[in-house]
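Below you'll find the structure, written out as structure tokens, and then a few comments.
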Amino acid sequence: MDFNTTLLREKFIIRDVLNAVSDDSLVALSNRISVNLTDARGMTVETIVVRAQNMHLCIRMAGKIVQTFEQNGPVMVREIPYDWEETWEQMISEHERKNNKEKWISIYAQGKRLFKSGKYHPFLDLIEKCDAANPENYDASVRLAEDAFGQLGKEVAIDYESNIGLVVFIEKGHGRCGIILRNAERNSTFNFRLERTAERVVSPVQCLNVCAAFLEGIQLAFLIGVNNEKLRLNLISRSTKESITATSARRRLGSLNAEIKTFENTMRVHYRPERPEFGELVSEAERFAYELFNTPADSTDDEDDDDTVYVD
């Protein structure tokens, strides 16, 4: 089917208007992707929203939703309800299960929460209810949320920040994906284009899964590179939890690299610019860590950094 979506990295800051001197602002962080499921005519059958602690879990769940829709039709009207719990448990890797105790996910349709796992800020449930009440204007949902607080006797101002982490567009068997590459030395974008062939059309599920693999790999490469440099500088030992986690991350990175290579061998893929190599990203993270740990404290740059990292 034709398919397009955008993943947003979001930050909500909820401030008490009547207590301006207070530093007790609430901060809600999330990655969000809206999964618009369409029929053969291109008409929307249902829309399901996924929020998660990190980008790759968010995207993989979106892929699972598309997959079950393609195989068995609409998700919300089944006699036997879709097993969200089983899907969630199956898609979590061994590395994630052992090393990411903060992972969470929440899934919505028409503002109603369908499933959740893990701990997240309850404000995200409210913003989804507001979005369902005003589906054509997501930014206006923030104002509706402020009104909802007001009706409860609490006057708040909500600041909303977001940036794009992923764009996927698939039409007539061809696909385009754009991924924001945030690493130790630079922030950039890389894109890949997928061509249909006589044997194979582009699958939304494949695209989402390989995008998740790239984004998880980028994150793990940074973790591994920083750990390598800490070991080299004798800041940690190989027996520390941090180093054990990095060893697990290396195994996971190998699996992700194999997943991407299988995808490339199966599909006709064109990168622009070149495909990011995880080994190079590890080296960049090592250089970043070296400079970080060898910079005197009084010579650090105190200027604000506009590139806010919301999650991960």
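Within segment 60-69, can one find any residue that is on the phi > 0 side of the Ramachandran plot and either within 18 Å of the chain's Cα centre (by Cα) or modelled with pLDDT of 95 or more (or both)?
No.
What residue, among those in segment 60-83 that are more than 16 Å from SER117 (Cβ to Cβ) and assigned to a helix (DSSP H, G or I), is most open to solvent (accessible area, probe 1.4 Å)?
Only one residue tops the list, namely GLN71.
Only one residue in ALA145, ALA132, ALA213 is at pLDDT 90 or above and touching a His at 6+ places or on another chain (Cβ under 8 Å), so which one is that?
Every option except ALA213 fails the conditions.
Please go through (1) within 30 Å of ASP2 (Cα to Cα); (2) open to solvent by less than 40 Å² (accessible area, probe 1.4 Å); (3) within 21 Å of the chain's Cα centre (by Cα) for LEU253 and return the number of the only condition it doesn't satisfy.
(1)
Search segment 63-83 for residues that are without any contact (Cβ under 8 Å) to a residue 12 or more places away in the chain and pair each with any residue that is open to solvent by 20 Å² or more (accessible area, probe 1.4 Å) and assigned to a loop (DSSP other than H, G, I, E, B) when their beta-carbon atoms are under 8 Å apart and the residues are at least 6 apart or on different chains.
Final answer for the pair search is ASN72/ARG78.
Take the residues in segment 132-160 that are among the hydroxyl-bearing types (Ser, Thr, Tyr) and in a helix (DSSP H, G or I); name whichever of them is surrounded by the fewest Cβ atoms within 10 Å (Cβ to Cβ).
Start the filter on segment 132-160 by keeping residues that are among the hydroxyl-bearing types (Ser, Thr, Tyr), which leaves 138, 141, 160.
Going one step further and asking which of them are in a helix (DSSP H, G or I), we end up with 138, 141.
Details: TYR138: 16, SER141: 22.
Checking each candidate, the answer is TYR138.
Name the pairs whose Cβ atoms lie under 7 Å apart, with the first residue in segment 223-248 and in contact (Cβ under 8 Å) with a residue 40 or more places away in the chain and surrounded by 15 or more Cβ atoms within 10 Å (Cβ to Cβ), the second in a helix (DSSP H, G or I) and acidic (Asp, Glu), and 6 or more positions between them or separate chains?
Listed pairs, sorted by first residue: GLY225/GLU284; GLY225/GLU286; ASN228/GLU286; GLU229/GLU286.
Does PHE214 satisfy the criteria of being surrounded by 14 or more Cβ atoms within 10 Å (Cβ to Cβ), part of a helix (DSSP H, G or I) and touching a strand residue (DSSP E or B) at 6+ places or on another chain (Cβ under 8 Å)? Please lay out each step first, then the result.
Details: surrounded by 14 or more Cβ atoms within 10 Å (Cβ to Cβ): yes; part of a helix (DSSP H, G or I): yes; touching a strand residue (DSSP E or B) at 6+ places or on another chain (Cβ under 8 Å): yes.
Here the answer is yes, as PHE214 does meet what is asked.
For segment 217-247: of the residues being part of a loop (DSSP other than H, G, I, E, B) and not hydrophobic (A, V, I, L, M, F, W, C), which is farthest from LYS98 (Cα to Cα)?
The qualifying residue farthest from LYS98 (Cα to Cα) is ASN234.
When you scan segment 283-305, do you find a residue that is at pLDDT 90 or above, under 24 Å from CYS177 (Cβ atoms) and outside any loop (DSSP other than H, G, I, E, B), even just one?
yes
Out of (1) touching a Leu at 6+ places or on another chain (Cβ under 9 Å); (2) closer than 15 Å to GLN67 by Cα; (3) at pLDDT below 95; (4) of a type in the set (Ser, Thr, Tyr), what's the single condition that is false for THR44?
(2)
Do you know which of the residues in segment 263-276 that are in contact with a helix residue (DSSP H, G or I) (Cβ under 9 Å, 6 or more places away or on another chain) and free of Cβ contacts under 8 Å to residues at least 60 places away in the same chain is surrounded by the most Cβ atoms within 10 Å (Cβ to Cβ)?
PHE263
Looking at this structure, is GLY165 more than 18 Å from ILE13 (Cα to Cα), open to solvent by 30 Å² or more (accessible area, probe 1.4 Å), of a type in the set (Gly, Ala, Ser) and outside any helix (DSSP H, G or I)? Don't jump to the end; show me each part of the working.
Values: more than 18 Å from ILE13 (Cα to Cα): yes; open to solvent by 30 Å² or more (accessible area, probe 1.4 Å): no; of a type in the set (Gly, Ala, Ser): yes; outside any helix (DSSP H, G or I): yes.
Answer is no for this residue.
Out of curiosity, is GLU286 farther than 27 Å from ILE92 by Cβ and of a type in the set (Asp, Glu)?
Taking the combined requirement at face value, the residue satisfies it.
Please go through (1) within 17 Å of the chain's Cα centre (by Cα); (2) under 29 Å from ASN227 (Cβ atoms) for ARG186 and return the number of the only condition it doesn't satisfy.
(1)
Considering only residues that are touching a Gly at 6+ places or on another chain (Cβ under 6 Å) and open to solvent by less than 30 Å² (accessible area, probe 1.4 Å), which ones fall in segment 107-131?
Within segment 107-131, just GLU128 meets the criteria.
Among residues belonging to segment 168-200 that are part of a loop (DSSP other than H, G, I, E, B) and loosely packed, with under 14 Cβ neighbours inside 10 Å, point out the one that is modelled with the lowest pLDDT.
GLU185
The values are calculated or read from the model by the stated rules, or taken from the named source; none is laboratory data. No experiment lies behind these values; they were computed from the predicted model shown. When we count neighbours, we look across all protein chains shown, and the Cβ atoms used for this are built from the backbone with ideal geometry, even at glycine. Side chains included, ligands, DNA and RNA excluded: accessible areas come from the protein's heavy atoms. Shrake-Rupley method; radii C 1.70, N 1.55, O 1.52, S 1.80 Å.
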